[in-house]
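In what follows, a single structure is set out as structure tokens and then discussed.
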Amino acid sequence: MTAIDHAHWAAYLAAGVDERLELPAITKQVDELSIADAYAIQAALLELQLGRGDTLAGAKLGLTSVAKQEQMGVSEPCYGWVPASTVVANGATIDLAELIHPRCEPELVFVLAQDLAGPGVTADDVLDATAKVVGGIEIIDSRYEAFSFTLPDVIADNTSAARVVLGTDGIGPRDHDLAAIECWFDINGEQVGEATGAALLGDPATCVAHLANHVGQAGLKLEAGWHILAGAVTDAKPFTAGTTATARYSVLGDVSVTAV
Ligand code: 0L1
Ligand code: MG
């Protein structure tokens, strides 16, 4: 079996981002793509982005809810990075010319006050290290044709990360039961989804603990000041021209974004 060339596939995916290309999945072109190779491609892709002057604003989990796993036909969570260039403010407009075939999904976001480094990080450790929890919307934009991929493909593609919209309000991590936070997701004023924080593996803080332990395996940490996306509580919806997506959260307030 030929070894996977991580730098080659990272450049392949970076071209997809830069040129708004829908690419054939990597797994259609190699004999086998292991999860370890997929994370190595993801790391090489991040290195390319940081080498161009971007910085890291956070990290993310994907596929932490049954709704998302069923939508994408994948049964495990995955982990990725949030470059600072991808973070936008509540109420922002996003130019679709910058993206390929984006979708939007409501996310709970942890803002860290302290570093978190696995192994052994627990949900309690996450709450201790968190300054506040805010509502968010993630815009995902797979670089693969027809948004179709296997788990290793989507890991290599930085878990489809494209943009993050951050809510302006927020609560202390122990002000409220995070699993009980409600979210109603509207597209152009019509409700298309509803869930609570419990949709995220039963407890959003547990998801963040998994991420801290995952990055800890590579000797990395989640850093104070970073925004950590715990995952989408509902499935993702198309983010097409003229779409205004609004995630209405109990206790966290509303977050919205418009596609132009
Ligand atoms: O944030 C996410 O849940 C994305 C994970 C990858 C699957 C997808 O593109 O929907
Ligand atoms: Mg997401």
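Among beta bridges from DSSP that stay inside the chain, the antiparallel ones total about 85%. Using the rule -39500 (n - 2.57) for each DSSP H run of four or more residues, divided by the residues of the chain, the 222 nm mean residue ellipticity is -7500 deg cm²/dmol.
For Val88, the residues 5 or more places off, or on other chains, whose built amide H falls under 5 Å of its own are Val164, Val165, Leu166.
The distance separating the Cα centre of the stretch 137-185 from that of the stretch 1-76 comes to 16 Å. Along its principal axes, the stretch 123-260 has C-alpha extents of 41, 35, 25 angstrom, given from the largest down. On full extension, the segment bounded by Thr240 and Asp128 gains 36.4 nm, given 0.36 nm per residue less the C-alpha separation.
Per residue, the convex hull spanned by the Cα atoms of the chain measures out at 111 cubic angstrom. Between Leu200, Leu211, Leu56, find the one with the highest GNM mean-square fluctuation for the chain; connect C-alpha pairs within less than 10 Å. Checking each option, the largest mean-square fluctuation is seen for Leu56.
How high is the relative contact order of the chain? Use alpha-carbon pairs under 8 Å, at least six apart in sequence, and give a whole percent.
28 percent
Under 24 Å Cα to Cα from Lys237, which lysines show up? Leave out anything in the same chain fewer than 8 places away. Hits, sequence-local ones excluded: Lys60, Lys68.
Mind putting a number on the dipole of the chain about its Cα centre? Charges go on the C-beta only, +1 for Lys and Arg and -1 for Asp and Glu, and I need it in Debye to the nearest 20.
Details: 13 positive and 35 negative charges, 50 e Å.
Using only the charged Cβ atoms, the result is roughly 240 debye.
Identify the trypsin sites (Lys or Arg not before Pro) of the stretch 28-129 meeting these criteria: DSSP loop state and at most 12 other C-beta atoms within 10 Å of the C-beta.
Working: sites: Lys28, Arg52, Lys60, Lys68, Arg103; in loops: Arg52.
In loop regions of the stretch 28-129 (DSSP not H, G, I, E or B), the sparsely surrounded trypsin sites (Lys or Arg not before Pro) are Arg52.
Rule-based calculations on the coordinates, nothing more; no lab input. Just so it is clear, the model here is predicted, and its values are computed rather than measured. Don't worry about glycine lacking a Cβ; one is built from the backbone with ideal geometry, like all the others, and counts go over all protein chains shown.
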